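*Asks:* Got a structure for you, questions after.
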Amino acid sequence: MKFRDFEVIVIGLGAVGSATLYQLSKAGISVLGIDRFDPPHHKGSSHGETRITRLAVGESDTYVPMVKRSHEIWREIEAISGASILTECGGVLLDSGKTPWAKHGVKGFFKNTVTIAAQFGIAHQMMSSDELKKKYPLLQLEKEGAAYFEFAAGYLKPEIAIQSQINLAETNGAIVLRNSPVLQVKKRSDSKVQVELEGERVVADVVINCSGGWIKDFLSQTDRSKFKICRQILHWVKIDHEGWKDYPVFMWGHGPNPEDFIYGFPCLDGVSIKMATESFEAVDHPDQINREVTVEEQRRFWKEQVEPRFGGLKPEFLKSEVCFYTVSEDAKFFIQKNVDNEQEWMVSACSGHGFKHSAALGEYLADRILQRPPRFIL
């Protein structure tokens with residue numbers, strides 16, 4: 001059986017794993033990245049063409065320095081790689097003016113966003129329903145509603161971000177194993193950590209487990225129960241108005257329940273816009289997720305979410321895709337050492353709001369592993 005030794009092994013090369021691999025590779029240490037698929041791929045939580053990014057993150061003011069740093073890192077990566085990752089097209093947060101809505105464990109999400117924007121001096125504009133309709137008439141906000149517009153918000157391209165960081169890491173000397181499911185991680189008597197693959201064992205001083213929903217395979221039964229795997233459906237709805245190409249990203253809370261919410265993006269392909277809601281019905285494991293989207297699910301999305309609120313769209317779908325959230329009990333990030341092995345870090349459960357922070361999270365983890373002063377307190 002093959003046997004290789006590294007300083008650090010990163011398991012899972014999605015949003016946070018690829019960022020961590022890249023940041024560690026910059027330090028010139030021997031680092032191995034492993035993924036059960038061929039990243040970027042369509043099996044996890046980091047695909048689907050676009051992800052919203054915004055500076056006034058209504059989840060908590062503690063996230064603001066992190067997302068600002070992520071924007072800086074994306075620009076650094078773009079300058080090095082020539083890739084286009086971050087587009088600051090602006091973003092609008094819509095409140096239907098009925099019941100304060102909650103998102104990612106935070107009640108009063110709209111008000112909290114406005115408060116955080118003022119607290120950090122983030123450039124924004126408040127609009128009444130009438131003012132919004134003059135600027136963005138295809139968003140049919142209720143009369144009593146209100147809107148928050150953030151100038152620096154926009155979208156990230158997750159597949160390009162992940163691929164760019166993996167490519168740069170390999171250029172820096174990192175080794176990447178694709179299509180290599182990890183069978184076991186265990187502590188050795190010499191204080192090393194052993195990672196077993198099919199036909200190969202690799203060891204490291206430190207292992208960082210960023211395997212998303214599959215992290216449940218490496219947790220105790222008690223800890224596994226703390227995370228929910230929630231299927232999410234992404235839809236590309238056909239446009240009937242070319243003005244959609246000039247629209248910002250949007251997030252719209254229209255009721256008190258987590259599912260009373262829709263978000264979306266400008267038209268990027270000339271024929272459709274990507275839109276989605278959120279669902280928190282859970283399955284036990286990502287391997288159990290139904291990857292097929294039914295016509296009935298598309299019809300229900302159109303009738304309940306799209307038709308009452310948007311103009312310039314057709315009741316036709318270019319395509320629909322499935323991803324998932326790994327949701328923690330408090331909807332916060334899960335970053336801690338394995339209680340049975342101090343040399344193994346467990347990192348997961350971004351709970352549906354992690355991609356915008358992932359570049360800085362990778363840097364944070366690298367700082368912790370390399371014993372450098374981290375920029376943030378998590």
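*Asks:* If a residue counts only when it is assigned by TED's automatic domain parsing to the domain that holds residue 13 and over 21 Å from residue 251 (Cβ atoms), which strands (runs of 3 or more DSSP E) contained entirely in region 304-378 have at least 3 such residues?
*Replies:* 334-338, 341-348
*Asks:* Scan region 204-235 residue by residue and report those that are of a type in the set (Asp, Glu) and not in a helix (DSSP H, G or I).
*Replies:* 205
Okay, residues lined up against (1) free of Cβ contacts under 8 Å to residues at least 24 places away in the same chain; (2) not hydrophobic (A, V, I, L, M, F, W, C):
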position	(1), (2)
321	no, yes
328	no, yes
332	no, yes
348	no, yes
351	no, yes
359	no, no
366	no, no
372	yes, yes
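*Asks:* Suppose we filter 85, 9, 29 for residues that are under 27 Å from residue 276 (Cα atoms) and either crowded, with 16+ Cβ neighbours inside 10 Å or within 15 Å of the chain's Cα centre (by Cα) (or both); which single one remains?
*Replies:* 85
*Asks:* Quick test of your reading of the structure: residue 201 fulfils all but one of (1) surrounded by fewer than 19 Cβ atoms within 10 Å (Cβ to Cβ); (2) touching a Cys at 6+ places or on another chain (Cβ under 6 Å); (3) of a type outside the set (Asp, Glu); (4) in a strand (DSSP E or B). Name the failing condition by number.
*Replies:* (2)
*Asks:* Any residue at all in region 88-99 that's in contact (Cβ under 8 Å) with a residue 12 or more places away in the chain, under 30 Å from residue 170 (Cβ atoms) and within 19 Å of the chain's Cα centre (by Cα)?
*Replies:* yes
*Asks:* Taking into account only those residues within region 89-110 that are exposed (fewer than 15 other Cβ atoms within 10 Å of the Cβ) and of a type in the set (D, E, K, R), which is farthest from residue 254 (Cα to Cα)?
*Replies:* The qualifying residue farthest from residue 254 (Cα to Cα) is 107.
*Asks:* Right, something else. How about region 113-188: which strands (runs of 3 or more DSSP E) wholly inside it have at least 1 residues that are among the hydroxyl-bearing types (Ser, Thr, Tyr) and either surrounded by 15 or more Cβ atoms within 10 Å (Cβ to Cβ) or touching a residue at least 12 places away in the same chain (Cβ under 8 Å) (or both)?
*Replies:* 124-128, 146-150, 154-156
*Asks:* Moving to a separate point now. Step by step: first the residues of region 252-274, then only those that are modelled with pLDDT of 95 or more and part of a loop (DSSP other than H, G, I, E, B), then the one that is nearest to residue 235 (Cα to Cα). Which residue is that?
*Replies:* Applying the filter and picking the extreme gives 265.
*Asks:* Going through 32, 55 one at a time, which residue ends up being at pLDDT 95 or above, outside any loop (DSSP other than H, G, I, E, B) and touching a Phe, Trp or Tyr at 6+ places or on another chain (Cβ under 8 Å)?
*Replies:* Criteria check complete, one pass: 32.
*Asks:* Please enumerate the residues belonging to region 189-198 that are assigned to a strand (DSSP E or B) and in contact (Cβ under 8 Å) with a residue 24 or more places away in the chain.
*Replies:* Answer for region 189-198, where residues must be assigned to a strand (DSSP E or B) and in contact (Cβ under 8 Å) with a residue 24 or more places away in the chain: 193, 195, 197.
*Asks:* Hey, another quick one. For the subset of region 275-294 comprising residues that are charged (D, E, K, R) and either part of a loop (DSSP other than H, G, I, E, B) or modelled with pLDDT under 95 (or both), which member is surrounded by the most Cβ atoms within 10 Å (Cβ to Cβ)?
*Replies:* The selected residue is 278.
*Asks:* Restricting to region 118-168, name every residue that is small (Gly, Ala, Ser) and under 17 Å from residue 70 (Cα atoms).
*Replies:* 152, 153, 154, 161, 164
The values are calculated or read from the model by the stated rules, or taken from the named source; none is laboratory data. These numbers come from a predicted model, not from an experiment. Heads up, the Cβs are rebuilt from the backbone with ideal geometry, glycines too, and the neighbour counts pull from every protein chain shown.
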